[in-house]
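Here's the structure we're looking at; comments come further down.
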Amino acid sequence: MSRARAVFLDRDGVINESIIREGKPFPPTGIENVVIAPDAKSSLNRLKEVGFLLFVVTNQPDVSRGTTSKEKIDEIHQLLSGRLPLDEFFVCYHDDRDACECRKPLPGLLFQAVAKHDIDLRNSYLIGDRWRDIEAGTAAGCRTILIDHHYQERRASGEDATVISLTEAVDWILNEEARAT
C-alpha cells in the first residue's frame, strides 16, 4: 500500500485573505472577518480530484498572546471546513518565546500530520505566503510554493516555485505531477 500524498496549506493569505496593515499580514479576528480566497474552492477541488489529502498548517500566536481564543480559531476553522474540501487543521497556538516544536518555521505541524496519516513528504507539497511556511516545508522534505503577496517583512527563499495566487500554485503542482508520470 502506498503512502498518502498531501498538500499542506497555510491558512491566512492562502485559503483566506489576510488583513493587511502597513504592508504586514494579520489573521482575521473572527468569522465575521473571514474572506475565503475566491479561487480556494475550485483550486482545492482540483487537488482532491487527483488524490491529495489537504491539511491546513497554521500558526495562530494570538492565542498565546491573549488577543484571541482557541474558540474563535475553532469557529474560523469550522467555517472554512464547511466551505472547502479540507481534511484536517494542524494549529500552533504558541508564540516564538514559547520555543515549541510546532511553530513554523519548524516542521512540527507537518510531522504531526505525517504521524497521523502516514504521509509521503517527498511526494507532498506546501503552499504558503510567508518565509516561515517555506522554511517549514523545506525542513520537512516536501516541495514548497510561495504565494508572493509582497509583504513588508522578511522574504522567503529557497522555495521550489513562486506564484501570485492559489490557482497558480495548484497549476504548478499539477504540472509537476503530470511530468512525473
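Computed in the context of the full set of protein chains, the accessible area of region 1-135 at 1.4 Å probe radius has 49% of its extent on carbon or sulfur. A quarter of the convex hull surface defined by the alpha-carbon atoms of region 1-69 gives 6.3 nm² as the mean projection.
May I ask for the angle, rounded to the nearest 10°, between helix 40-49 and the longest principal axis of the chain, with both axes built from Cα atoms and the value confined to 0 to 90°? On a 0 to 90 degree scale, this one is about 30. Springs between alpha-carbon atoms under 10 Å, Gaussian network over the chain: tell me which of LYS116, LYS70, LYS104 tops the mean-square fluctuations. The residue with the greatest mean-square fluctuation here is LYS116. Taking Cβ atoms as reference points and 13 Å as the exclusive limit, the residues near PHE26 contribute a net charge of -1, counting Lys and Arg as +1 and Asp and Glu as -1. Rg/Rh, computed from the Cα trace of the chain with Rh as the Kirkwood radius, has the value 0.93.
Simple point charges give the picture: +1 on the Cβ of Lys and Arg, -1 on the Cβ of Asp and Glu, and for region 45-89 a dipole about the Cα centre of about 120 debye. Placing a label point 7 Å from the Cα of ASP74 along the Cα-to-Cβ line, the residues of region 85-107 whose backbone N sits under 20 Å from it are 86-95.
State which entries of LYS24/LYS104; LYS41/LYS104; LYS70/LYS104 exceed 23 angstrom in Cα-Cα distance in the structure shown. Beyond 23 Å: LYS41/LYS104. Accessible area per residue for the chain is 49 Å², calculated with a 1.4 Å probe on protein heavy atoms, without ligands, DNA or RNA.
Other residues within the sphere of radius under 12 Å centred on the Cβ of ASP62, judged by their own Cβ, net out at +1 (K and R +1, D and E -1). Residues whose amide H comes within less than 5 Å of that of ILE19, counting only those at least five positions distant or on another chain, are PHE26 (H built at 1.01 Å from N in the peptide plane).
For region 79-131, what does the alpha-carbon gyration tensor say about shape, rounded, prolate or oblate, given a ≥ b ≥ c as the root eigenvalues, a/c under 1.5 as rounded, and a/b over b/c as prolate? The shape class here is oblate. Computed from point charges on the beta carbon alone (+1 for Lys and Arg, -1 for Asp and Glu), the dipole magnitude for the chain about its Cα centre is near 200 Debye. Secondary-structure-derived ellipticity at 222 nm for the chain, considering helices only, amounts to -10000 deg cm²/dmol, per-run term -39500 (n - 2.57) for DSSP H runs with n ≥ 4.
Quick note on region 42-145: its Rg to Rh ratio, both from C-alpha atoms and Rh being the Kirkwood radius, is 0.96. With the whole protein complex present, ASP98 retains an accessible surface near 70 Å², based on a 1.4 Å probe. Each residue of region 56-62 was assigned a 3J(HN,Hα) from its phi angle through the Karplus curve 6.51 cos²θ - 1.76 cosθ + 1.60 (θ = phi - 60°); the sequence is 8, 10, 9, 7, 10, x, 5 Hz, with glycine and proline shown as x. Using 0.36 nm per residue and subtracting the Cα-Cα separation, the extra length available between CYS100 and ASP87 on full extension is 2.3 nm.
The values are calculated or read from the model by the stated rules, or taken from the named source; none is laboratory data. What you are looking at is a predicted structure, and each value in this text was computed from that prediction instead of being measured. We place every Cβ from the backbone using ideal geometry, glycine too, and count neighbours over all the protein chains shown. Calculation scope for accessible area: heavy atoms of the full protein, side chains included, ligands and nucleic acids excluded. Shrake-Rupley method; radii C 1.70, N 1.55, O 1.52, S 1.80 Å.
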